[in-house]
1. Among bridges DSSP assigns within the chain, what percent are antiparallel (round to 5)?
2. Would you mind computing Rg(Cα) / (2.2 N^0.38 Å) for the range 102-154, counting N as its residues?
3. Quick one: dipole size for the range 89-216, taken about the Cα centre, charges +1 on Lys/Arg Cβ and -1 on Asp/Glu Cβ, in debye to the nearest 20.
4. If you average 1/r across every pair of different Cα atoms in the chain and take the reciprocal, what Kirkwood value do you get, in Å?
5. Give the residue list of GluC sites (Glu not before Pro) in the range 47-128 that are DSSP loop and have at most 16 other beta-carbon atoms within 10 angstrom.
6. Under the Karplus relation 6.51 cos²θ - 1.76 cosθ + 1.60, θ = phi - 60°, what is the ordered set of whole-Hz ³J(HN,Hα) values for the range 270-282, x standing for Gly and Pro?
7. To the nearest 20 Debye, how big is the dipole of the chain about its Cα centre, given +1 on the beta carbon of each Lys and Arg and -1 on that of each Asp and Glu?
8. What aspartates and glutamates does Lys151 reach when the alpha-carbon gap must be under 13 Å and sequence neighbours fewer than 8 apart in one chain are set aside?
Amino acid sequence: MRRREFISLVAGTAAAWPFAARAQQPAYPVIGFLSPASPTAHATYVAGFLHGLGETGYVGGRNVAVEYRWAEDQLDRLPAMAVQLVDRRVSVILASATSAAAFAAKAASPTTPVVFVIGADPVKIGLVASLNLPGGNVTGVSSLLNTLIAKRLELLCELVPTTVVIGILVNPNNPNAMSDTKELQAAALSLGRQIHVVQAKHERDFDAAFANLVQHQATALLVVPDPMFSNRRNQVVALAARHGLPTIFSLREYALAGGLLSYGPSFVDAHRQAGLYAGRILKGERPADLPVLQATRFELVLNNRTAKALGLTIPPTLLARADEVIE
């Protein structure tokens, strides 16, 4: 190649570099997905979110990008991950499945829009000013997951009416742990039952917690909503089966994994609603003007195979009210 031709080629390539770099950068908005869990544990939630986003006309890789941050059950990683997303200049942050993610996203920036999916009352925990007018840069979906714990205790007592001591599995690191425990103590008193509370902060605590339940003669179990428990649901369900404990959970996913029964909202649908809100914000609406959505449909799911394995007969009245019976 002649020297003149070589110089021209290099000059032409160099001139094209900025354009190539710009072509590699997405010319569309970016959404940050902040999760306390792992990609596997929250795959169905991601699918729900993308479905809702698609209903507003946004499709990943076509006219919107999604950047994921997975805390892998280490909630103390969420604040730094939220800051990373803000530094990335995302257009919206989806704070998935826990109030810890929502607070981390809110603290990371006073202006970046945040859409949350949580189980707690966002006004009660100080996340928003009100449900109708959340104010600021934060709105989302409250599935009312934690507000149903007393109802779950009633359902468990209906299924195993002879039980006297009911175990309560709680994660003390969960910001709702104290209020949930107090509510369950009051509910148990009104039902004439005793409760025995055991704690698990980490996966390694489960074996000791279940051994403690057996030691204190608990004959049934209520698992308080918590992301770490949900992410390890197969392990929790297996331990309940091994120790012969009829157990009620908060999410349908537990019953699908072999849990005896669950009562609560659909977190997949809650993420779909969050996707709708994210799409509306990308189109120019403000989080302050979008009321916090609340779950209106709750599912009672019974696993009849697990009931038979435990030697239980599900009462006809409970079967009649079930939204789904797994045979």
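The values are calculated or read from the model by the stated rules, or taken from the named source; none is laboratory data. Computed from a prediction, not measured in an experiment: that's the story for all the values here. Ideal geometry is used to build each Cβ from the backbone, glycine not excepted, and the neighbour counts take in all protein chains shown. Calculation scope for accessible area: heavy atoms of the full protein, side chains included, ligands and nucleic acids excluded. Shrake-Rupley method; radii C 1.70, N 1.55, O 1.52, S 1.80 Å.
1. Numbers: 4 of 42 bridges.
Antiparallel bridges: around 10 percent, rounded to the nearest 5.
2. Compactness ratio reported: 1.24.
3. I would put it at about 300 debye.
4. 21.3
5. Glu72
6. 4, 6, 4, 5, 5, x, 4, 5, 4, x, 5, 5, 4
7. 940
8. Partners found: Asp180, Glu183, Glu299.
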